[in-house]
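Comments concern the structure below.
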Amino acid sequence: MRGKRIGTILAACAAAAVLAGCSGGTDEVNGGTPATTTSATAATTVATTPVTDSGAGTGSQTGGGGTNGVPRCTAAELSLSLGQGDAGAGSVYRPLVFTNKGTRTCELTGFPGVSYVAGDDGHQVGPAAVMNGPHGPEISMAPGESSQAQVQFVQVANFDAAVCKPTPVRGLRVYPPGETASMFVAMDGGTGCAGTPPGPQLSVQTMTAA
């Protein structure tokens with residue numbers, strides 16, 4: 001009988017030990033400290049690249065229309081001409097004039113993309129125009145109305161010929177602001193740098209009302 005009682009006591013102690021192990025050592029109900037669970041959360045960092053005005057390939061604005069709800073003018077809705085301008089120190093300033101030949105009111109905002117072209121294939125000659133000055137407001141044009149962007153043509157003869165590599169050009173390839181379709185305007189007697197001069201050979205300002 002004594003051995004059976006000792007066995008019963010040992011079995012009860014073993015059961016109590018198992019229950020204590022299952023409790024995880026905490027007891028919120030009886031005032032214990034709750035167990036803390038740490039979970040690792042993977043953070044994903046999204047890299048953002050700011051959009052910048054390059055002037056090479058397209059104009060500066062990439063949206064489909066202005067903030068006033070006026071649609072952006074497409075190249076197909078525009079005619080382009082190169083106006084007469086003024087001579088400065090080592091430069092000539094001439095306006096690129098965009099005229100709305102379409103049937104709806106549309107707008108242009110920002111800088112057109114401008115570069116020299118030459119040859120029958122219209123290949124680009126040297127660096128495209130750099131953008132000069134602040135980004136202007138929307139310029140709305142009803143059918144028949146015009147807007148313009150001033151272009152500075154640097155006298156490339158002022159550059160070292162070995163670096164500039166002076167090349168006759170036929171005219172300008174022009175991308176209206178926000179457009180991927182280009183336009184062409186002829187220029188008589190123009191010369192550009194096929195090389196990379198130490199300064200811009202062309203500069204363009206933002207669109208303004210004509």
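Structural descriptor for region 65-210: relative contact order 31 percent, calculated from alpha carbon pairs under 8 angstrom and at least 6 residues apart.
Dipole magnitude for region 70-156: computed about the Cα centre from +1 point charges on Lys and Arg Cβ and -1 point charges on Asp and Glu Cβ, it is near 100 debye.
The phi-based Karplus calculation (6.51 cos²θ - 1.76 cosθ + 1.60; θ = phi - 60°) puts the 3J(HN,Hα) values of region 113-130 at x, 9, 8, 6, 9, 8, x, 5, 8, x, 6, 6, 10, x, x, 5, 5, 8 Hz, whole numbers, x for Gly and Pro. With R₀ fixed at 30 Å, the C-beta to C-beta distance from residue 184 to residue 92 puts the FRET efficiency at about 0.95. Close amide H partners of residue 169, meaning residues 5 or more places away or on another chain with modelled amide H under 5 Å apart, are 190, 191, 192. Taking a point 7 Å from the Cα of residue 132 along the Cα-to-Cβ direction, the residues of region 155-171 with backbone N closer than 12 Å to it are 155.
The Cα-based radius of gyration and maximum Cα-Cα distance (Dmax) for region 72-159 are 14.6, 45 Å. Extent along the principal axes, Cα only, for region 96-210: 48, 32, 22 Å, with the longest axis given first.
Explain nothing, just the number: relative contact order of region 93-158, from Cα pairs under 8 Å at least 6 residues apart, as a whole percent.
52 percent
Label point of residue 101 set 7 angstrom out along Cα-Cβ; within region 137-165, amide nitrogens under 19 Å from it belong to 141-149. Multiplying the residue separation of residue 145 and residue 81 by 0.36 nm and subtracting their alpha-carbon distance yields 21.7 nm.
A cut-off of 5 Å between modelled amide H atoms, ignoring neighbours fewer than 5 places along the same chain, links residue 145 with 100.
Rounded to whole numbers, the Karplus 3J(HN,Hα) couplings from phi for region 165-175 are 6, x, 9, x, 10, 8, x, 10, 8, 10, 10 Hz, using 6.51 cos²θ - 1.76 cosθ + 1.60 with θ = phi - 60°, and x at Gly and Pro.
Readers should treat all values here as calculations from the given coordinates under stated rules, not as data from a laboratory. The model shown is predicted, which means the values in this text are computed figures rather than measured ones. Counting neighbours? That spans all protein chains shown, and the Cβs are built from the backbone with ideal geometry, glycine included.
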